Structure formats: C-alpha cells, structure tokens
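Data block below; observations after.
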Amino acid sequence: MTSPHPWFALRLPGLRASWRLDRRVPRAVGLLILLGAIATVIHLTQGDYAMAPPALLETLMDPGGDRDRAFVLGVLRLPRALVAVAVGAALGASGAILQGITRNPLAGPGILGINGGASLAAIAAIAAWPGVGAAQLSLVAFGGGLVTALVIYLLSWQGGSSPTGLILMGIGITALANAVTSFAIAFSDIYAANQAMVWLVGSVYGRGWEQLGPLVGWMAIFGPLACLLGRELDVLALGDDLAQGLGSRVERGRGLLLLCAVALAAAAVATAGAIGFVGLMAPHLARRWVGASHGGLIPVAALVGACTVVGADAISRIWFAAVELPCGIVTAAIGAPYFLWLLRCQGSQSGDRP
Amino acid sequence: MTLSTQNLTLTYGDRAILQNIDLAFPPGKISVLVGPNGCGKSTLLRALARLLKPKAGVVYLDGQAIAKLSPQELARRQGILPQSPTAPEGLTVRDLVAQGRYPHQTWWRQWSAEDEHWVETAIALTHLESLAHRDVATLSGGQRQRAWIAILLAQNPSTLLLDEPTTYLDLAHQLEILDLLRDLNRRLGKTIIMVLHDLNQACRYGDWMTVLRSGQIYASGPPQTTVTETMMRDVFALESHIMADPVLGMPLCIPIGPLGTTAPAVGRTRG
C-alpha cells in the first residue's frame with residue numbers, strides 16, 4: 001500500500017456522522033458481487049434442464065410465459081440458490097466475528113459448538129419424531145444452536161468471559177454433542193439415519209421460499225448490527241486490558257457480538273445443516289484481501305461465504321446431479337486442503353517473526 | 001490532572017495485594033513505581049486505570065472517583081498501556097493507531113476530521129511516519145512499542161499509565177522509549193505514571209518515585225530522597241552503594257550483594 005491513507009472517510013457534515021472504510025473494500029465488494037452473480041446465473045441455468053441466460057431473464061420478467069421453465073426456476077432452483085447465497089453469507093460473517101472475538105484465526109462457528117448443538121437438536125428431532133417437517137426441524141436446530149452457545153458462554157465465565165475459555169469449552173461441548181448425535185443416529189431407523197447424515201454434512205437440496213424467509217429475517221437483524229459493532233470488535237482484538245483502557249465496555253461488546261455470530265450461524269445451520277469450513281475459510285480470504293478492520297471485513301467475509309456456498313452447490317447440482325451430492329461435501333473438499341495450506345503458511349510465518 | 005488514591009485495598013481473590021494505600025501523584029510530572037517482584041506495583045497501576053476493581057477505597061482523578069466516570073469519559077482523560085500487548089494480525093501501524101480514537105467516537109460518528117488529525121499527530125510524535133503503512137507484525141520491538149504509545153497519543157488523554165514500557169527491549173531502545181516519554185511530558189505536559197524495573201532508569205527519568213514493599217508504600221518522593229542505602233536494604237534486601245550519577249547528578253545505585261556483604265563477589269574472589 002503506497003497510498004498515505006489506507007482508508008476512505010465517509011462524512012456527512014450536516015449530521016456530524018462519519019465512518020471509515022478500508023480503501024480495498026469497495027473493489028472487493030464489487031468483484032465479489034459480480035462473482036456471486038455469475039455463480040448464481042450458472043446455478044440457475046445449467047444442469048439437467050439447461051437454459052440460456054437470456055431465457056432466465058425472460059422467465060424472471062414474465063413468469064407466466066414458459067410453464068416448465070417457470071417451475072424449474074421459481075420452485076426448484078431460485079429459492080435453492082438464494083438459500084445457498086444467504087447461508088454462505090451468514091456463515092462467513094459469523095466466522096469473521098468469532099475469529100475476532102476469540103482472537104484466534106482457527107475459530108469458526110463449528111468450534112464454538114453452534115454446529116454441534118444445532119445438529120444434536122435436529123438429529124434428536126429426526127430420531128424422536130419421524131417425518132418431522134423442514135420448518136420445525138429448522139426451528140429446533142436454531143434453538144439448539146442458541147442454547148449450546150449460551151451454555152458454553154456461561155460455563156466459560158470466570159469473573160468475566162474469556163476468549164480462550166470460549167474456545168476450550170466450545171471444543172469440549174462440541175465433542176459431547178457429537179457423541180450424543182452419533183448415539184442417536186446409531187439407534188434410529190435407516191431412513192431417519194440417512195436424513196440425519198445429509199443434514200449433518202449440510203445441504204441446500206430441496207430448500208424453498210419458506211426456508212429463505214426466516215433466514216433472511218435473522219440476517220436482516222443481526223447482519224447490520226454486526227457491521228455497526230465492527231469498531232467494538234477492532235478494539236476487542238487489541239486484548240481486554242487495552243480495550244478497557246480505551247473505554248470499551250468489554251463484556252457488553254463481546255456479549256452482543258457473540259449473540260450476532262451465534263444467531264447468524266444458528267440460522268444458517270438450521271436452514272442448511274452443518275456446512276463445514278465456510279465460516280473458517282471465508283474470513284481468512286477476506287482478511288488477506290481487505291485487512292483486519294472489521295467494519296469492512298465482516299461484509300467482505302459474508303460475500304466470500306456467499307460465493308463459496310452458491311458455487312459449491314452449483315458444482316454439486318450440475319456435476320453430481322445423479323447422487324445429489326450435499327454441497328457441504330464440496331465445501332469440505334475445497335476447505336480442508338485450504339485449511340492445511342493455511343496451517344503451513346501460518347507455521348512458517350510465525351517462525352519468521354522477530 | 002491529579003491522580004490520587006484513598007485507603008485503596010486491592011486483592012486477587014482472597015489474597016490481599018495492597019492495603020490502605022494513600023497516594024497522590026504530582027500532576028504534569030513523571031512518576032515511577034518501583035519495588036521488588038510481587039510487591040504489587042503492576043496491580044496498583046491496573047487499579048489506577050480501573051482494570052481492577054478495588055476491594056476497598058477510591059481512586060480519584062481530579063477529585064472525581066474514577067468508578068463513577070463512564071468508561072469513555074475516563075478513557076478521554078487517562079490512557080493505559082498494559083505490559084507487552086499483542087497486536088492482531090493484518091493491521092498496519094496506521095490502522096492500529098486509529099484505534100486510539102475509540103473513546104472519542106460513537107457508532108454514528110466513527111471517523112471525524114479530528115480523529116484523522118490526532119492519528120497523524122500521534123504518528124508524527126512517535127516518529128513512525130515512514131513505518132505507518134507497514135504491518136505491525138513486521139516491526140522490531142522498539143518500533144512496535146512506539147506504535148503502542150502512539151495509540152495512547154491518538155487517544156489524547158492528559159494522564160498516561162504505562163506498565164514496564166521497556167520490557168524486552170535492548171538498552172538503546174529502552175532509552176529511546178524513555179526519552180520519547182520524557183519528551184511527551186516536557187513538551188505536551190502529559191502526566192506520566194509508569195512501572196519500571198530498572199532503578200537507575202527510574203532515577204534518571206522519574207521526577208517522583210513511589211517505592212512499594214509487600215503491599216505497602218515504603219517511601220514516596222523525588223528519587224534523591226527515596227533512593228538510599230537503607231531503602232535498598234529494606235525493600236530489595238541488597239547492600240548497595242548510592243552515588244551521584246556523574247552525568248546527570250541523579251542517584252545511581254551500585255548493588256554490592258545480599259544483606260551482610262561488604263564487597264562485591266567479584267572483588268572478594270580476587271582479593
């Protein structure tokens with residue numbers, strides 16, 4: 001960066017309102033929206049029932065025209081693609097917040113027990129209540145994620161919340177939840193077990209408008225709140241003592257941010273199951289791109305997540321149509337090698353430090 | 001700005017660290033807290049900054065109890081640099097220094113022209129202009145310490161509290177940091193209260209010195225009156241020789257050995 005000012009100042013003099021944004025953010029946002037749009041168009045137009053992109057536009061403008069096409073798009077593909085975008089965005093933003101709170105680049109929604117708790121609740125519901133509807137399942141999973149996160153927060157409280165405590169307790173509770181989940185699957189019938197496995201890997205297959213509604217609702221509340229709290233997250237990243245010395249109400253800020261992260265992740269997991277690695281990977285890519293100031297990092301991580309999941313689902317739907325491969329497997333197939341590469345890079349980086 | 005304590009008692013759990021401390025730090029001066037390991041000097045500094053809630057007693061800033069001030073109000077008047085803080089990854093020096101403006105901001109007023117001005121001022125005061133675009137992780141120890149001090153300057157309080165600001169630095173960089181702090185005191189009138197390990201540096205840079213011994217104030221005053229051979233025996237359990245520093249005339253402490261030794265160990269083996 002050769003520019004003397006690595007940020008833009010946005011000022012409304014009349015209102016005495018002002019914000020600061022990293023100079024790299026607008027370009028990153030523009031490129032990611034473009035990339036996401038391309039992936040979404042591919043997702044919508046390719047596959048068993050392929051169509052040219054102009055036909056897509058035609059159907060969107062005039063849904064009454066071609067009945068078959070309107071059904072394939074309006075009922076099958078469009079809600080699914082939008083769910084994929086929303087789930088990815090929620091996971092990316094949640095991961096960025098959690099990595100900021102814990103000051104640990106390896107944290108993510110998975111490590112803080114949100115996935116584990118939501119999965120446990122969902123699998124318990126599948127096992128105990130055969131033929132449970134998707135809407136109820138999603139509600140149960142959302143509740144499971146929130147309750148688990150609350151338990152972890154309370155158990156790690158020792159005169160104050162501690163980032164390390166959150167991670168350690170999260171790992172412990174996740175292991176416990178996974179054990180109970182495996183137990184529940186082992187003792188449920190084959191159909192329920194199959195449904196549970198797909199849910200555990202994470203898939204947006206068969207998701208419709210009715211799942212998109214609540215997810216977007218949660219995101220509309222907690223997404224903007226998280227971006228506004230970006231400044232809190234920036235000072236928390238300096239460590240509790242310095243943050244407090246700068247006048248931050250550390251516990252209130254961390255509590256609110258944790259609530260945002262948990263609600264976003266739980267809403268995503270409740271909709272699409274435990275899609276792995278997105279919450280871990282998206283914030284990393286975003287940080288390399290736009291730096292560590294969270295006001296810009298959170299939306300960019302959300303967009304990276306959205307592109308990743310809609311791209312992964314396009315791959316699974318178009319190339320693996322016969323088996324309907326859950327897109328969680330694709331994200332894991334991309335994410336796991338990336339994660340290993342990251343660990344290697346970080347190892348050599350910290351070794352080089354003075 | 002006067003910082004003082006009344007009847008201050010600090011504990012960690014049930015363990016009392018400091019008891020009934022009454023202190024008043026002179027405004028506009030550099031005060032140094034010294035004492036052996038575990039005497040409670042860092043704990044006292046944390047309580048002064050409200051990072052630690054006192055078991056009993058009050059810390060006053062200009063006659064107001066700091067416990068009654070809002071966190072942001074306190075942070076506008078007083079800043080603290082904890083011992084060896086760690087920088088988050090991927091931040092440039094300028095990004096880091098910009099965080100110092102936190103107490104002057106609200107969620108809707110996050111980056112005013114004044115914020116910009118103070119960040120640039122802080123960077124200039126700490127001579128970080130040529131490093132401002134660098135990732136904090138790539139700085140040397142001394143440069144990084146200057147960046148941390150720059151956060152406090154962007155914060156722009158009139159009182160600065162620092163916990164061992166020279167830890168892990170070599171001698172040249174220790175002096176660089178201490179000279180910078182003295183410069184901030186002399187030129188900008190900042191009140192500085194810091195914990196220092198090195199007694200001779202404390203004498204050289206401190207206008208005022210508070211000596212702590214096992215949770216009590218042993219002595220408080222200018223280094224010329226507090227640093228004595230008796231104090232060295234009582235507080236550090238060391239025999240020593242105190243002389244005037246040939247360069248500046250401040251007390252200079254030559255340690256001889258544990259209580260009862262009359263000559264340095266090196267001298268004895270030779271003789």
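Structure values in brief
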{"quantity": "Kirkwood estimate for segment B:140-194, i.e. one over the average of 1/r between Cα atoms, Å", "calculated": "11.3"}
{"quantity": "Value of Rg to Rh for segment B:70-228 (Rh from inverse mean 1/r over Cα pairs, i.e. Kirkwood)", "calculated": "0.99"}
{"quantity": "All-pairs Cα distance distribution in chain B, expressed in whole percent, bin size 5 Å", "calculated": "1, 6, 12, 15, 17, 16, 13, 9, 6, 3, 2, 1, 0, 0, 0"}
{"quantity": "Exposure proxy ranking, count of Cβ atoms within 10 Å, fewest first, for A:187, A:8, A:277", "calculated": "A:187, A:8, A:277"}
{"quantity": "q = 0.10 Å⁻¹, chain A: log10 I(q)/I(0) [Debye, one scatterer per Cα]", "calculated": "-0.62"}
{"quantity": "Residue-averaged [θ]222 nm for chain B, counting only DSSP H segments that reach four residues, each worth -39500 (n - 2.57)", "calculated": "-9500 deg cm²/dmol"}
{"quantity": "Rounded if a/c under 1.5, otherwise prolate or oblate - segment B:1-127, Cα gyration tensor axes", "calculated": "prolate"}
{"quantity": "Relative exposure of B:62, A:62, judged by other C-beta atoms within 10 Å (fewest first)", "calculated": "A:62, B:62"}
{"quantity": "Phi to ³J(HN,Hα) by Karplus 6.51 cos²θ - 1.76 cosθ + 1.60 over segment A:236-246, Hz, x for Gly, Pro", "calculated": "4, 5, 7, x, 4, 4, 5, 4, 5, x, 8"}
{"quantity": "Gaussian network model of chain B, springs between alpha carbon atoms under 10 Å - residue of B:55, B:190, B:68 with greatest fluctuation", "calculated": "B:68"}
{"quantity": "With Cα atoms, 0 to 90° folded angle of helix B:171-188 axis to chain B main axis", "calculated": "60"}
{"quantity": "Three-way shape label, segment A:164-222, alpha-carbon gyration tensor, a/c 1.5", "calculated": "oblate"}
{"quantity": "Spherically averaged projected area in nm², based on the convex hull that wraps the Cα atoms of segment B:164-271", "calculated": "8.3"}
{"quantity": "Distance from segment B:66-108 to segment A:262-299 (C-alpha centre basis), Å", "calculated": "26"}
{"quantity": "Average beta-carbon neighbours from other chains, 10 Å sphere, peptide B:97-106", "calculated": "5"}
{"quantity": "Value of D in µm² per second that Stokes-Einstein yields for segment A:1-117, Kirkwood Rh from Cα pairs, at 10 °C (1.306 mPa s)", "calculated": "88"}
{"quantity": "Average partner coverage of B:81-90, which counts Cβ from other chains inside 10 Å", "calculated": "6"}
{"quantity": "Ranked A:281, B:231, A:51, B:243, criterion: other C-beta atoms within 10 Å, fewest first", "calculated": "B:243, A:51, B:231, A:281"}
{"quantity": "Mean Cβ neighbour count within 10 Å, used as a protection proxy, ranking A:229-240, A:131-142, A:328-339, A:154-165 highest first", "calculated": "A:229-240, A:328-339, A:131-142, A:154-165"}
{"quantity": "Per-residue ³J(HN,Hα) for segment A:128-143, Karplus 6.51 cos²θ - 1.76 cosθ + 1.60, θ = phi - 60°, Hz, x for Gly and Pro", "calculated": "7, 9, x, x, 5, x, 4, 5, 5, 4, 5, 5, 4, 5, 4, x"}
{"quantity": "Assigned charges on the beta-carbon of Lys, Arg, Asp, Glu; segment B:3-227 dipole about Cα centre (debye)", "calculated": "600"}
{"quantity": "Cα-only Debye scattering, the protein assembly as shown: base-10 log of I(q)/I(0) at q = 0.06, 0.11 Å⁻¹", "calculated": "-0.42, -1.05"}
{"quantity": "Residue-count net charge about residue B:31 - beta-carbon cut-off 13 Å; Lys, Arg +1, Asp, Glu -1", "calculated": "+3"}
{"quantity": "Diffusion constant of segment A:26-185 at 37 °C, which comes from Stokes-Einstein with the Kirkwood Cα-pair radius and 0.692 mPa s, µm²/s", "calculated": "177"}
{"quantity": "Ratio of Rg to Rh over segment A:149-193 (Cα coordinates, Kirkwood Rh, two decimals)", "calculated": "1.22"}
{"quantity": "Ratio of Rg to Rh over segment A:271-314 (Cα coordinates, Kirkwood Rh, two decimals)", "calculated": "1.00"}
{"quantity": "Extent along principal axes [Cα atoms of segment A:218-354; Å; largest to smallest]", "calculated": "58, 42, 20"}
{"quantity": "Cα centroid separation - segment A:162-216 against segment A:101-126, whole Å", "calculated": "8"}
{"quantity": "Cβ neighbours within 10 Å from other chains - mean over A:200-206", "calculated": "0"}
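Every number here is computed from the coordinates shown, using simple stated rules; none is lab data. These numbers come from a predicted model, not from an experiment. Glycine also receives a Cβ, built like all others from the backbone with ideal geometry; neighbour counts cover every protein chain displayed.
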